[in-house]
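Every number in this text was worked out from the coordinates using simple rules, so none of it is lab data. A quick note: this is a predicted structure, and the numbers were derived from the prediction, not measured. Backbone-built Cβ (ideal geometry, glycine too); neighbour counts: all protein chains shown.
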């Protein structure tokens, strides 16, 4: 039980840190006068990378399927 409480404590700390980053960074940027366009650009890049990863994964699965059929 000691390990389970330690794991839950670590997960709680990580979630709290993520919450602080998600909520705190935009507030700090707004206070500093930096527009939130930077965050929009970062989200756009992240979405583009996810789409690229999906396309690469699909191509890989197609190639592996063709290879399996030819054997």
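Taken along its three principal axes, the alpha carbon spread of the chain comes to 60, 47, 7 Å, from the longest extent down to the shortest. In the chain, helical runs assigned H by DSSP with n ≥ 4 each contribute -39500 (n - 2.57); averaged across all residues and rounded to the nearest 500, the mean residue ellipticity at 222 nm is -33500 deg cm²/dmol.
How high is the FRET efficiency between residue 66 and residue 46 when r is their beta carbon distance and R₀ equals 35 Å, given to the nearest 0.05? So the FRET efficiency works out to roughly 0.70. With both labels modelled 7 Å from their Cα along Cα-to-Cβ, the residue 20 to residue 8 distance reads 2.2 nm.
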